[in-house]
Structures are given as structure tokens and as C-alpha cells.
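K.L.:
Structure below; questions to follow.
Only the coordinates and a few stated rules stand behind these numbers; no lab work does. Keep in mind that what you see is a predicted model, and the values were worked out from it rather than measured. Ideal geometry is used to build each Cβ from the backbone, glycine not excepted, and the neighbour counts take in all protein chains shown.
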Ligand code: DON
């Protein structure tokens, strides 16, 4: 497959496309990001790296981190984890409280905020130093020990976290949060403020495309069975109330973040990432979704 040629075509198309999205502003530090940034990187199992634009510039990975925290939790626990968080699409916005009220504090899935907060609670209970161990995990799957948080984004989100605190209080009232709310919230905000580039994210997501193994040192990070399950959750729940639309238009498992990043995989083939900060009304990158739709159209190749 001539991936670089296809990416060059997408780059060309993007240069004439109007971006109707809006940069996330509910975390003030995110609102400062240049809306014109665009990066795309494709890491192919057989033929290596392709990309263009701001593919090596780090951005706030935000909710994409939910895939990493879920993977870490699944590597530590077995099916008991899914007694505390379900695996159904929510059809609701990422920070919604409504279903929790009538579903007894059990989040629909680990990729919406409530589910990721339960996962953070599990990591606080299970690990001695969850922040460090989550970063260590990302260092292990990227081979890059320089990856860290953006402290400005971390401090900015700390000031505007009432919504996530509400989710934690509601779930704690049902007994589904075991630790101190501030500690769990702190870990969750920490993971959202991790900064990575498209190239680094594609390297990390290779583990999901490559049956749970890194490509650069062939290390089995998590079992093939668990990776299959994580990919299934990304396919059905990775884009909140737009998971159906992403499946319909792109046809790959993936995960978005309000920093404007999207990471997606074609199992057995490649990991691909995009970064464009302006978001559509559902909180997913407007041009990122377009670029990925063009990728699977121009290659004639998706998981379906
Ligand atoms: O919980 C929040 O509000 C953010 N830090 C993360 C949300 C997010 O990235 C949702 N993505 N589309």
C-alpha cells in the first residue's frame, strides 16, 4: 500500500477544507492551542512510519489516556473489573451523569468519564504510585521515557473539575468509588494532561494493532485476548455519542480526546493518529475524523 502517497492526497485535500470545529474552551489552557495545527502519522506493521504536518509536536492527549489506564487496569485484574464498569456504548456525552443515577453508579463503559474515573479508583487501590506507574507504562509501550504531563494543562483542569467531582460523588454514594475523591480526581486529571505527539501515540497504539506486542522490541505487554476486548470497547465506545458515526464513516476502532487527538488502529495492519484541535459538537476532532474517513476510503481498506 502506498501510504505516503495517500497521506499526501489527504494533506492536499485538507488545505482547501474549511474547519467548522471549535477548540475546547472549558479547560482554559486548551483554548490557547493554535486551531490551525494539523498532524497525521501512520505506523504500519510491515513498512514503518509515514506522516505529515505537525506530527511530532506534543499535544494534550486528554481522553485518549483512558485507553492506557484501562489497559493497565486490565493487566492487573481479570473479569472482576467488569463488575464495576460495563462495556456498553452510552449514546450520551462523555461527561454525562444521567445513566449513573438509574444504573446504580455502574458506568456504561471505561471510555466515558465516569468509567475512566472508576478505572482511576481501581488504579489508586491497586498500585503504590499510580501516576508514576501509568507514565512508566506509556514509556514502556513507546520506548520513550521523555513523555510527561503538561503541568499548565494539569493545573488548568484542576480548577474546572466540578463535573468530574460530581461523577465521583454520585458513584461513591453507590459504593462504586472506594478511595478519597480528591486522590482519584487528581490521578484522572494527571492522565488527561499527558502530552504526546501523533508519532508517539501511533507507536503506543501499535500495541493494540499488533496483538498486544510492541513492534520496536517485540514485548508482549498484555494478552492477545485482552487486547481484542480493549479494541472492541474502542470500536463501540471510543467516540461517546458519536461512536456509531465514527464506525460508519471510518470503520476502525479508535479513541478521541478534547485536545483534538484521535488514535485508531487497523488490527494486524497499522496504528494511525491525527491531531487537529477544533472539535465538532460531540467533542471529536472535526478534521481528524475527516482525514481518517479519507484514509479508509482511499485505501479501500477498513475492518469491515
Ligand atoms: O474529563 C474531562 O473533561 C477531560 N479532561 C477529558 C475529556 C475528553 O477528552 C473527552 N473527549 N472527547
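K.L.:
GNM, the chain, Cα, under 10 Å: largest mean-square fluctuation among 274, 126, 214?
P.N.:
Its mean-square fluctuation being the largest, the pick is 126.
K.L.:
Could you tell me what fraction of 2.2 N^0.38 Å the Cα radius of gyration of the range 203-303 comes to, as a two-decimal ratio? Intermediate results must be reported in sequence, preceding the final value.
P.N.:
On the way: Rg = 13.1 Å, N = 101, 2.2 N^0.38 = 12.7 Å.
Here the answer is 1.03, to two decimals.
K.L.:
What is the P(r) of the range 68-126, as percent of Cα-Cα pairs per 5 Å bin from 0?
P.N.:
With a bin width of 5 Å, the distribution comes to 4, 20, 34, 24, 13, 6, 0.
K.L.:
Relative to the longest principal axis of the C-alpha atoms of the chain, give the angle of the C-alpha long axis of helix 224-237, reported between 0 and 90° and rounded to the nearest 10°.
P.N.:
With both axes taken from Cα atoms, the answer is about 90 degrees.
K.L.:
Still on this structure: Any idea what angle helix 113-126 forms with the longest principal axis of the chain, computed on alpha-carbon atoms, 0 to 90 degrees, nearest 10?
P.N.:
On a 0 to 90 degree scale, this one is about 70.
K.L.:
Another one. From the convex hull of the Cα coordinates of the range 207-251, what is the mean projected area in square nanometres? Provide the component values of the computation, followed by the final result.
P.N.:
Values: hull surface 13.3 nm².
Averaged projected hull area, Cα only: 3.3 nm².
K.L.:
Oh, and also: For residue 228 and residue 126 in one chain, what is 0.36 nm times their gap in residues minus the Cα-Cα distance, to one decimal in nm?
P.N.:
On the way: separation 102, 0.36 × 102 = 36.72 nm, distance 2.33 nm.
Computed gain between residue 228 and residue 126 is 34.4 nm.
K.L.:
Could I ask something else about it? In what order do 41, 139, 169 fall by count of nearby beta-carbon atoms within 10 Å, going from fewest to most?
P.N.:
Least crowded to most crowded, the residues run 169, 139, 41.
K.L.:
Helix-only estimate, please: 222 nm mean residue ellipticity of the chain, summing -39500 (n - 2.57) across DSSP H runs of length 4 or more and dividing by its residues, to the nearest 500. List each step's numbers first, then the result.
P.N.:
Details: 13 runs with 141 residues, N = 304.
It comes out at -14000 deg cm²/dmol, rounded to the nearest 500.
K.L.:
With angles folded into 0 to 90 degrees, how steeply does helix 3-15 sit against the dominant principal axis of the chain? Use alpha carbons for both and round to 10.
P.N.:
80
K.L.:
With a point put 7 Å past each Cα toward its Cβ, work out how far residue 87 is from residue 75 in nm, to one decimal.
P.N.:
Result: 1.9 nm between the two label points.
K.L.:
Is the shape of the range 110-163 best called rounded, prolate or oblate, per the rule: a/c under 1.5 gives rounded, else a/b larger than b/c gives prolate, else oblate, with a ≥ b ≥ c the square roots of the Cα gyration tensor eigenvalues? Before the final figure, lay out the partial values.
P.N.:
Working: a/c = 1.97, a/b = 1.22, b/c = 1.61.
Oblate is the answer for the range 110-163, as a/c is 1.5 or above yet b/c matches or exceeds a/b.
K.L.:
Sticking with this one: Summarise the long-distance tail of P(r) for the chain by giving the % of C-alpha pairs beyond 30 Å.
P.N.:
24
K.L.:
Using only the Cα atoms of the range 3-82, what semi-axes does the equivalent ellipsoid have when each is the square root of 5 times a gyration tensor eigenvalue? Give whole Å, largest first. Provide the component values of the computation, followed by the final result.
P.N.:
Details: eigenvalues 176, 98, 21 Å².
In descending order the semi-axes read 30, 22, 10 Å.
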